[in-house]
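The values are calculated or read from the model by the stated rules, or taken from the named source; none is laboratory data. On a predicted model such as this, the values are computed, not experimentally measured, just so you know. Note: ideal-geometry Cβ built from the backbone for every residue, glycine included; neighbour counts use all protein chains shown. Only protein heavy atoms, including side chains, enter the accessible area calculation; ligands, DNA and RNA are left aside. Shrake-Rupley method; radii C 1.70, N 1.55, O 1.52, S 1.80 Å.
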Amino acid sequence: MPSTSPPDRIGFPALCLRGLAYILLVGALMQGVLHEALGLTSEQFSEIGFTELTQSLLLAIATALALAVRLLDHRLPHVALLLVGLLGASLIREQDALLDAHVFDGAWQTLVSLLVLPVLFVVIRGRRAFVVELERCAGSFAFGLFAAGFLTTYVFSRLYGRSELWKAILGEHYLRTFKDAAEEVTELFGYTLLVLAMFELLLLVRRWRRRDDAAAP
C-alpha cells in the first residue's frame, strides 16, 4: 500500500528556480497585456484579443495537467477529476461567443452540463474518498496556489470587474474598456495561478511516486 504521509518538501534551490520561472511567466503575460493596451494587437480586450486568447490557452494547459494527474497516479482520483471538471468547464465557458455563433445559442451551457454533471456524480458518490484525498494534499504548495487562483478568478475578478464599481470610480469618464481590462487581466492572473497549481500538483504526485519507489524492497 502506498504511503499517505506528507510528501518530501521542495528543496530550496528548486523552489528558487521555480519562483524565478513563475515571475518571468507573469512578466511575459503582462507584457502581452501592455501590447494589447497600446493597440499593437488587432483587438483591445475582446474575444480575439491577446488576453482572452491567452486565458483559453492557460485553461487548456491547466485542464491537461489535471487530466495527467488523474491518469498517471492513483492517489487523487476524485480530487483530480473534480479539477478536470472545473477547469474544463471554465475552458468551455471562455468559448461562449464562438460556440453561440457557430454551434447554437446556449451551446456552452449544454457542454458544461455534459461535463460537470457526471463529474459531480462520481465525486459525490465517492465523497469519503474525496475528503481523504483532499486532506492528503491540503497542506501542499499546489493547494495554496489553487486556492489563490480560485479566489482570484471566480470571486475577486467578478467583484473587481463590476460596471457599478468602475462607473463610481471614473464617473463621467467611464468607458467599458476600463471595466473589461480590469476584469480580464485579473482573470488572466487567476488562470495563471491555476496553471501553476496544476503543474505543482503533478510534481507533487511525482515526488510521492519516487518516494514510494525508493521505499519499496
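Is it fair to say L188 is of a type outside the set (S, T, N, Q), under 21 Å from the mean Cα position of the chain (by Cα) and modelled with pLDDT of 95 or more?
Yes.
Answer with yes or no whether R136 is part of a helix (DSSP H, G or I), over 18 Å from the mean Cα position of the chain (by Cα) and within 30 Å of G11 (Cα to Cα). Even if it seems obvious, please write down each step before you answer.
Working: part of a helix (DSSP H, G or I): yes; over 18 Å from the mean Cα position of the chain (by Cα): yes; within 30 Å of G11 (Cα to Cα): yes.
Yes; evaluated as a whole, the condition is true for this residue.
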Of the residues in region 133-145, those that are of a type in the set (A, V, I, L, M, F, W, C) and in contact (Cβ under 8 Å) with a residue 60 or more places away in the chain come to C137, F141, A142
What's the number of the only condition in (1) open to solvent by less than 70 Å² (accessible area, probe 1.4 Å); (2) in contact (Cβ under 8 Å) with a residue 40 or more places away in the chain; (3) closer than 30 Å to V26 by Cβ that V155 fails to meet?
(2)
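Of all residues in region 158-174, count the ones that are part of a loop (DSSP other than H, G, I, E, B) and either small (G, A, S) or open to solvent by less than 100 Å² (accessible area, probe 1.4 Å) (or both). Reasoning before the result, please.
Let us first name the residues in region 158-174 that are part of a loop (DSSP other than H, G, I, E, B), namely 161-162, 174.
Okay, now just the ones that are also either small (G, A, S) or open to solvent by less than 100 Å² (accessible area, probe 1.4 Å) (or both), so 161, 174.
Number of matching residues: 2.
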Among helices (runs of 4 or more DSSP H) entirely inside region 30-126, those with 1 or more residues being charged (D, E, K, R) and open to solvent by 80 Å² or more (accessible area, probe 1.4 Å) are 50-72, 77-94, 107-125
Going through region 79-99 in order, the residues found to be closer than 20 Å to T51 by Cα and free of Cβ contacts under 8 Å to residues at least 40 places away in the same chain are G88, A89, L91, I92, R93, Q95, D96, L99
May I ask you to verify whether F143 is farther than 28 Å from D180 by Cβ, part of a helix (DSSP H, G or I) and either touching a helix residue (DSSP H, G or I) at 6+ places or on another chain (Cβ under 6 Å) or among the polar types (S, T, N, Q) (or both)?
yes
I'd like to know if region 191-201 contains one or more residues that are surrounded by 13 or more Cβ atoms within 10 Å (Cβ to Cβ), assigned to a helix (DSSP H, G or I) and among the aromatic types (F, W, Y).
yes
Given (1) in contact (Cβ under 8 Å) with a residue 40 or more places away in the chain; (2) over 23 Å from W108 (Cβ atoms), where does L58 come up short, assuming only one miss?
(2)
Out of all the residues in region 82-101, which are aliphatic (A, V, I, L, M) and more than 11 Å from L115 (Cβ to Cβ)?
L82, L83, A97, L98, L99, A101
